[in-house]
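Contents: one structure, followed by commentary.
FYI, it's all coordinate maths here, none of it is from the lab. Note that the structure is a prediction, hence the values are computed from the model and not measured. In this analysis, Cβ positions are derived from the backbone assuming ideal geometry, glycine residues included, and neighbour counts consider all displayed protein chains.
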């Protein structure tokens, strides 16, 4: 079984069946059996009470009813699709996030951390901030949020779990880094939250899959489930470099991948 659940359409095209078919065709060529669309929740006007800052607010342009109508139309056309959402975990907004999630018939919900307060950690506009931060403290703050994300039990899997490495800034102390991994893995295991293996990092300055192999091995050893994802923002990215993702997964011991249907999880043989 191969999946690609972390896929975006809104930035480069419209929510139309014809545009979705371009994604679906690429998925078929890549041998992907389950394709899901998971748009950024901050695009929706209905999430303004969850995450709001000038960068996000400037990009909020969708009504959720139109997103739902897209999935309805795809299914009426008898095309396979899973309905997802990528939600920025926002500390202190658990009740609002839960209310939004429960209002809609998602197959899965991705929880991600892109913001440490008003710092967009993966945005080129904010890259310079790394030069002015203590990198260990930045990593600690980031993983604190990943832990509370997992502990909330609102999400099916975590997106690009070590995203903070995106621009190549990493702590010099490997022992510190592995201790952070251990903290996160414990929370993932205790909350039964999965992670994605995301090939998107190969397209970023860091040039690495998310997560780091040591991090992934710790996840495997703790029984944390995985999903395969590309974080595609255009059709050509669907299934991107999955040969490398599969090699990494198998190298640390994974033999299964998870799928989701109406928030219910099922394990399948990997590959």
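What the table below lists for this structure:
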quantity: Computed FRET value (nearest 0.05) for residue 119 with residue 30, which takes r as the C-beta separation and R₀ as 25 Å; calculated: 0.15
quantity: Extension gain from residue 127 to residue 268, taking 0.36 nm per residue of separation minus the Cα-Cα distance; calculated: 46.9 nm
quantity: Value of relative contact order over segment 155-271, rounded to a whole percent, pairs C-alpha under 8 Å and six or more apart; calculated: 24
quantity: Residues residue 73 and residue 221, FRET efficiency given R0 of 51 Å [Cβ-Cβ distance, rounded to 0.05]; calculated: 0.75
quantity: Burial order of peptide ranges 181-192, 47-58 (average beta-carbon count within 10 Å, highest first); calculated: 181-192, 47-58
quantity: Difference of contour (0.36 nm per residue) and Cα-Cα distance, residue 140 to residue 52; calculated: 29.4 nm
quantity: Segment 107-145 residues near the modelled residue 183 label - backbone nitrogen below 12 Å, point 7 Å along Cα→Cβ; calculated: 136-145
quantity: Residues in segment 224-244 reached by a label modelled at residue 12 [backbone nitrogen below 20 Å; 7 Å Cα→Cβ]; calculated: 228-244
quantity: Compactness relative to 2.2 N^0.38 Å, alpha carbon Rg of segment 155-209; calculated: 1.21
quantity: Exposure proxy order (Cβ contacts within 10 Å, fewest to most) of 122, 78, 243; calculated: 78, 243, 122
quantity: Relative contact order (%) - criterion: Cα under 8 Å, at least six apart; region: segment 3-269; calculated: 21
quantity: Net length gained if the chain between residue 244 and residue 173 were fully extended (0.36 nm per residue, minus Cα distance); calculated: 22.9 nm
quantity: Packing-based ranking, highest mean first, of 1-9, 202-210 given that Cβ atoms within 10 Å are counted; calculated: 1-9, 202-210
quantity: Principal axes of segment 138-260: Cα extent on each, largest first, Å; calculated: 35, 32, 26
